[in-house]
Amino acid sequence: MLEIKELRAGAGDVEILKGITLSVKPGEVHAIMGPNGSGKSTLAQVLAGHPAYEVTGGSVTYMGQDLLDMEPEARAQAGVFLAFQYPVEIPGVSNAYFLRAAYNEIRKANGQEELDPMDFLDVLEAKLKVVEWEPEIMSRAVNHGFSGGEKKRNEILQMAVLEPRLAILDETDSGLDIDALRIVANGVNRLRHPERATIVVTHYQRLLNYIVPDYVHVLSGGRIVKSGGRELALELESRGYEWIEEEVGAA
Amino acid sequence: MIETYVREFEAFSANGGGSPAWLAEQRRAAMDRFARVGFPTAKDEEWRFTPVTPIAQASFTPAPAATVTADALAPFLFGNPGWPLLVFVNGRYQAELSSAALPGGAVAENLAAAIARDPSLEAHLGRHAPVEESAFTALNTAFLREGAFVHVPARVVLPEPVHALFVTTAGAEGGVAHPRNLFIVEREARASIIESYVTLAPGASYFTNAVTEVLSGENAWTEHTRLQRESESAYHVGLTHVEQERDSHYRSFTLAMGGAIARHNLHVRLNAPGIETLMYGLYLTRGQQLVDNHTAIYHDHPNCNSWEVYKGVLDGRSRGVFNGKVFVKPEAQKTDAKQTNRNLILSDGARVDTKPQLEIFADDVKCTHGATIGRLDEVAVFYARSRGIPAAEARRLLTYAFAAEVVHEVALAPVREELDRLVLERLGTLA
């Protein structure tokens, strides 16, 4: 589904990703862990097409297409979803309007009929249950005045409604209390499907107790320095990141 | 050309503009004043960013009478079709297109009829908006005759807004109208009044010089919406002068999207304690338009609150001007005044001059102001795109959101919805 080969990217003159290679197959959940500044979030944002980053080398193939050649909206329409680490506030646009606009753009791009507000409400109601929210949240402006936890929950709601084929969660668990974490994890687990894949970018192992990954990759200095199964996350939890960095340094 | 107006004034005085005597005298004094001072120049601080040379050098003559059909007005009407409506075409009242029966002894009619009927108007008309303040006000007062008069007696609650619609036709090319409005909302009364300036000839060049005086009585609630949708080749100068009494609530929303050069002054005098004033404004400009908003609020008494938010969206090579004055007298303790002017620039050629001007002489007050000029947040654009919304649509959505934030402050839902529609319609034309 996703083939990342020797991906290099940076911002301005600073190279942040220094050759990332990663293969994600349908049905898999990959966790990307690593210390602050390792390039985890950059990788997530580059995959979504963030304009602040420039790709300087390598390739990314998604469903047989050159992902890096696609506009951010085209990526979304093809089923790529990034849950932002810092979701953006949009005062003046209701959550309902924004989400319906996104939902319909994606449907339109895929040759499906757009839904009117009433029909969309039906879709929405079921998804609100996933994140344990009341419909009132939909009349508030997008993320405006939301608490940190509410913003993250809103990302998961968007993901649940848009049903991406490839979901990328950028530190969605950071700053969440245990209840919010459970809701976020539940949203991700509900989306698990043999034809869908998830990349969970996280700093903490805690989330992986709820979202059990098939693979864990450790990013350091813009490279994947270690890959393994779920047990790698547990080892990181007990030993920290230093030992890996030492191991890499020694090699 | 001043001479054109002097000449037209003599004709106007001889033809119905000469009575009653108190008004004839007022008009004459106003004309003398105008002839003496003439149009403002760039040296005038109040007009520094808004050159009125195109108005001063043209020879606008009174716009001719014209008839329009009810169908032609349809695009400018909104809300409930039963709303009281006063229609003026090229500055002249159109009784057959108007319908303004109000409950509880309230009145909405042509000002000319009110002048003929009600001698008590002498106490108000021209007493609040001083001709000394602006040459344009003097000029309007000299030709004062027609416009909307709304009177809501004490404790009367108007169930529906009154819409005063000023329409300009293609025949008004090169013409001028001086609409004069007077809104009196007495103690404990409640009213919503909409003032619309629209055109049936989007390319026509003409001049509208409007003055509105508003009285909001003790504990009265007044909502005032002003929609300026003139031709983008026209000139529009307007003054709204508001007098507020104790515990009254006045909220204003002004939309300015028309005019080659458009200027609106909103002056609010707080004449007693306990007053609340909300001033919201939105200007949407494109092409070569210049839209100027000047506001002034006079906190003369303690315990009054004023809240002001003006927003601008500027495209093309257009220009926006904002000047917001807040005066707080020494006795106006516990004043809470907040002023905000935010501008969104959509193109390299657009430009804004914004100037908050606070003069505070009391020491126990809360007064803040802020002005910003910026572009769309690219991270927000990316956020919308990452959800599948195409770039152009994302930009429109965020631009709409910027404007909608202030539109959503309008209390009355049908007015709010109409404003929403106008904003969306305009943004639909953006690249």
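The values are calculated or read from the model by the stated rules, or taken from the named source; none is laboratory data. These numbers were taken from a predicted model, which means no experiment stands behind them. Counting neighbours? That spans all protein chains shown, and the Cβs are built from the backbone with ideal geometry, glycine included.
Quick check: anything in the range B:102-118 part of a strand (DSSP E or B), assigned by TED's automatic domain parsing to the domain that holds B:A58, more than 29 Å from B:N15 (Cβ to Cβ) and of a type in the set (V, I, T)? Walk me through how you get there before you give the answer.
Going through the range B:102-118, the residues part of a strand (DSSP E or B) turn out to be B:107-110.
Filter once more, so that each one left must be assigned by TED's automatic domain parsing to the domain that holds B:A58: B:107-110.
Then keep just the ones that are more than 29 Å from B:N15 (Cβ to Cβ); that gives none.
Scanning the range B:102-118, I find no residue that is part of a strand (DSSP E or B), assigned by TED's automatic domain parsing to the domain that holds B:A58, more than 29 Å from B:N15 (Cβ to Cβ) and of a type in the set (V, I, T), so the answer is no.
Each residue in the range B:386-431 was checked for being within 11 Å of another protein chain (Cβ to nearest Cβ) and of a type in the set (V, I, T), and 5 of them qualify.
Whether a residue is modelled with pLDDT of 95 or more, hydrophobic (A, V, I, L, M, F, W, C) and within 21 Å of B:F253 (Cα to Cα) was assessed, and B:A350 does not pass this test.
Could you tell me whether the range B:413-420 includes any residue that is over 27 Å from the mean Cα position of the chain (by Cα) and among the hydrophobic types (A, V, I, L, M, F, W, C)? No - not one qualifying residue is present in the range B:413-420.
Please go through (1) closer than 30 Å to B:A24 by Cβ; (2) not in a loop (DSSP other than H, G, I, E, B) for B:T67 and return the number of the only condition it doesn't satisfy. If we test B:T67 against (1) closer than 30 Å to B:A24 by Cβ; (2) not in a loop (DSSP other than H, G, I, E, B), just (2) comes out false. Residues being β-branched (V, I, T) and touching a Gly at 6+ places or on another chain (Cβ under 7 Å) are represented in the range B:347-364 by at least one member. Of all residues in the range A:154-178, exactly one satisfies the criterion of being in contact with an Asp or Glu (Cβ under 9 Å, 6 or more places away or on another chain) and either surrounded by fewer than 21 Cβ atoms within 10 Å (Cβ to Cβ) or of a type in the set (K, R) (or both), namely A:R165. Scanning the range A:86-120 for residues that are surrounded by 14 or more Cβ atoms within 10 Å (Cβ to Cβ), among the acidic types (D, E) and not in a loop (DSSP other than H, G, I, E, B) turns up just one, A:E105. Of the set (1) touching a strand residue (DSSP E or B) at 6+ places or on another chain (Cβ under 9 Å); (2) touching a residue at least 60 places away in the same chain (Cβ under 8 Å); (3) surrounded by fewer than 22 Cβ atoms within 10 Å (Cβ to Cβ), all apply to A:V80 but (3). Of all the criteria given as (1) over 28 Å from A:E247 (Cα atoms); (2) in contact (Cβ under 8 Å) with a residue 40 or more places away in the chain, the one not satisfied by A:L181 is (2). Only residues that are over 13 Å from the mean Cα position of the chain (by Cα) and either hydroxyl-bearing (S, T, Y) or part of a helix (DSSP H, G or I) (or both) were counted across the range A:121-152, and they come to 20. On the basis of being in contact with an Asp or Glu (Cβ under 7 Å, 6 or more places away or on another chain) and outside any loop (DSSP other than H, G, I, E, B), does B:A204 make the cut? No. Considering the range B:5-23, and only residues there that are hydrophobic (A, V, I, L, M, F, W, C) and out of contact with any helix residue (DSSP H, G or I) (no Cβ under 7 Å at 6 or more places or on another chain), the residue that is nearest to B:R117 (Cα to Cα) turns out to be B:A21. Annotation note: of B:E3, B:E8, the sole residue that is without any contact (Cβ under 8 Å) to a residue 40 or more places away in the chain and either assigned to a helix (DSSP H, G or I) or not assigned by TED's automatic domain parsing to the domain that holds B:G258 (or both) is B:E3.
State whether the residues of the range B:141-160 include one that is among the charged types (D, E, K, R) and under 25 Å from B:T41 (Cα atoms). There is no residue in the range B:141-160 that is among the charged types (D, E, K, R) and under 25 Å from B:T41 (Cα atoms).
Considering only residues that are small (G, A, S), surrounded by fewer than 16 Cβ atoms within 10 Å (Cβ to Cβ) and part of a helix (DSSP H, G or I), which ones fall in the range B:397-431? Spell out how you get there, then give the answer.
Narrowing the range B:397-431 to residues small (G, A, S): B:401, B:403-404, B:411, B:413, B:428, B:431.
Subsequent filtering for residues that are surrounded by fewer than 16 Cβ atoms within 10 Å (Cβ to Cβ) retains B:411, B:413, B:428, B:431.
B:A413 - this is the single residue of the range B:397-431 that is small (G, A, S), surrounded by fewer than 16 Cβ atoms within 10 Å (Cβ to Cβ) and part of a helix (DSSP H, G or I).
The set of residues in the range A:65-85 being within 19 Å of A:R8 (Cα to Cα), in a loop (DSSP other than H, G, I, E, B) and at the interface with chain B (Cβ under 10 Å from one of its Cβ atoms) consists of A:E71 alone.
Please note which strands (runs of 3 or more DSSP E) are completely contained in the range B:143-188 and include at least 1 residues that are out of contact with any Cys (no Cβ under 7 Å at 6 or more places or on another chain), of a type in the set (G, A, S) and farther than 23 Å from B:E10 by Cα.
Filter on the range B:143-188 gives B:148-152, B:162-168.
Mind checking whether some residue in the range A:8-28 is within 14 Å of another protein chain (Cβ to nearest Cβ) and not in a strand (DSSP E or B)? Checking the range A:8-28: not a single residue is within 14 Å of another protein chain (Cβ to nearest Cβ) and not in a strand (DSSP E or B). Contact annotation: residue pairs with Cβ atoms under 6 Å, 6 or more positions apart or on different chains, pairing a residue in the range A:41-59 that is within 14 Å of chain B (Cβ to nearest Cβ) with a partner that is buried (at least 22 other Cβ atoms within 10 Å of the Cβ) and assigned to a loop (DSSP other than H, G, I, E, B), are A:A48/B:S386.
State which residue pairs qualify: first residue at the interface with chain B (Cβ under 10 Å from one of its Cβ atoms) and under 17 Å from B:G388 (Cα atoms) and inside the range A:104-125, second residue aliphatic (A, V, I, L, M) and not in a helix (DSSP H, G or I) in any location, beta carbons under 7 Å apart, and separation of 6 or more residues or different chains. So the pair list comes out as A:N104/A:L115; A:E105/B:I389.
Per-residue answers, yes or no, for (1) outside any loop (DSSP other than H, G, I, E, B); (2) modelled with pLDDT of 95 or more; (3) farther than 19 Å from A:P164 by Cα:
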residue	(1), (2), (3)
A:A185	yes, no, no
A:H193	no, no, no
A:L208	yes, no, yes
A:I211	no, no, no
A:L219	yes, no, yes
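Scanning the range B:357-385 for residues that are more than 14 Å from chain A (Cβ to nearest Cβ), surrounded by 15 or more Cβ atoms within 10 Å (Cβ to Cβ) and closer than 27 Å to B:L422 by Cβ gives B:A371, B:I373. Taking the listed residues B:Q339, B:Q333, the one that is assigned to a strand (DSSP E or B) and over 30 Å from A:A83 (Cβ atoms) is B:Q339, with no other qualifying.
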